[in-house]
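So the structure is just underneath, and the comments pick up after that.
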Amino acid sequence: MDIPEKMNQKLDFESSVHQRINQLLSTIDMFKGSWKILEQNKSGYLKELRKIATIESIGSSTRIEGATLTDAEVEKLLRSVKITKLTTRDQQEVIGYYEALQIILDNYEDIMLEERYVHQMHGILLKHSHKDQTHKGKYKNLSNQVVANYPDGTQRTIFRTTEPHLTASEMEALLLWTGERLKENDLHPLLIIATFVYEFLSIHPYQDGNGRLSRLLTTLLLMKLDYQFIQYVSFEHVIESRKDDYYRALMDGQKNRYKKEERIEKWVLFFLESLIELTKRLEAKYDRYSKLKVGINERQQKIIAYVKKQATAQINEIESHLSDSSRNTIKKDLAYLVNEGLLLKSGAGRGVRYYVEKK
């Protein structure tokens with residue numbers, strides 16, 4: 001059986017699954033159309049959204065693989081990277097992911113889905129990782145497996161991957177199939193991307209960095225295929241929040257790897273449903289930032305910025321920060337911001353604390 005037939009077999013779903021997939025594709029494409037209209041207005045909020053999405057993407061993608069830096073720590077590291085020596089592996093992975101992601105976002109039109117470019121992106125991803133210097137940008141020469149890393153330090157083997165001696169040929173076939181599908185336009189682009197990512201993770205072509213690279217390549221393909229809203233909201237953040245579902249969907253197809261029974265409907269549905277969740281988050285973020293910039297005054301913006309920076313704050317802390325404003329004025333501001341949903345509060349009486357909801 002040749003490669004196109006094998007891929008078609010994996011996408012041979014029941015009619016009810018196809019109906020659900022078509023509904024999801026339609027919803028995503030409708031959002032893409034409406035978002036493009038919004039983008040044409042060159043909204044000033046987009047730059048801020050992209051900055052936030054970049055930080056969330058870096059934090060989430062590295063944490064999925066076992067890193068521990070929070071988004072706040074990632075942001076702090078990015079601000080000081082020119083003067084900070086990258087002494088820990090977490091720091092090295094964060095900066096490598098940041099540099100690779102920025103190259104993709106700024107140059108996606110010129111980056112082709114070809115082996116040399118995939119190797120280059122892998123090299124950039126691992127550029128600062130000391131222990132990865134001998135194998136960066138090169139296919140693996142030792143067997144590896146997909147392992148889930150959990151916050152408590154435990155690991156779980158998800159599935160075994162392509163053996164090293166077959167890696168180059170399977171990657172060549174995958175890149176050829178993906179390029180032909182995109183050229184022929186005989187399959188919805190999101191189905192092509194979902195299938196590519198599943199196959200890439202199943203092959204696991206590099207000794208390390210495969211999960212992170214798969215998410216970078218997902219962003220690259222979405223950008224190239226005109227789903228450019230991906231740069232304003234973190235797909236990696238959605239995956240991190242659905243980590244167990246992510247692994248289960250991969251395992252469902254992988255259990256029949258190399259068999260005629262191999263089907264990837266659960267993975268495709270997970271991928272598309274995650275994109276739907278992503279569009280909802282982007283709408284909420286855009287609405288919130290639009291409201292933030294238009295509906296509140298400069299003092300209230302300072303309150304939100306302070307609370308966000310501190311993660312949580314009490315009124316006396318805010319009052320100390322805004323020493324030129326009275327306590328009564330700050331109380332009114334806080335009541336207004338809570339009422340508008342721009343701040344949340346917990347506790348009661350003197351123990352009330354304010355915080356910004358994380359989307």
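Only the coordinates and a few stated rules stand behind these numbers; no lab work does. Owing to the predicted nature of the structure, the values given are computational and were not obtained by experimental measurement. As a convention, Cβ positions derive from the backbone with ideal geometry for all residues, glycine included, and neighbour counts pool all protein chains shown.
When the convex hull of its Cα atoms is viewed from all sides, region 1-89 shows a mean projected area of 10.8 nm².
Kirkwood analysis of the Cα pair distances in region 45-130 returns a hydrodynamic radius of 13.5 Å.
Cross-link reach is defined here as a Cα-Cα straight distance under 26 Å, omitting same-chain residues fewer than 8 places apart; for LYS82 the lysines meeting it are LYS47, LYS51, LYS127, LYS131, LYS136, LYS308, LYS309. Put in line by how crowded their Cβ is, counting other Cβ atoms within 10 Å and starting with the fewest, ILE230, ILE52, ILE264 read ILE52, ILE230, ILE264. Treating each Cα of region 3-290 as one equal point scatterer and applying the Debye formula with no solvent, the log10 of I(q)/I(0) at q = 0.07, 0.13, 0.15, 0.16 Å⁻¹ comes out as -0.25, -0.91, -1.25, -1.44. Size descriptors for region 296-355 (Cα atoms only): Rg and Dmax, in that order, 10.2, 27 Å.
With the convex hull drawn around the C-alpha atoms of region 253-338, the volume per residue stands at 124 Å³. Amide H to amide H distances under 5 Å link ILE158 with VAL146, VAL147, ALA148, where only residues 5 or more positions off or on other chains count and H is placed in the peptide plane.
The alpha carbon convex hull volume per residue for region 100-238 rounds to 123 Å³. Considering only ILE303, ASN328, GLY347, the residue lying farthest towards the positive end of the dipole of region 296-355 is GLY347, judged by Cα position with unit charges set on Cβ. Distance from the Cα centroid of region 299-336 to that of region 90-163 is 42 Å (rounded to whole angstrom). Over the C-alpha trace of region 238-290, radius of gyration and Dmax come out as 14.7, 51 angstrom.
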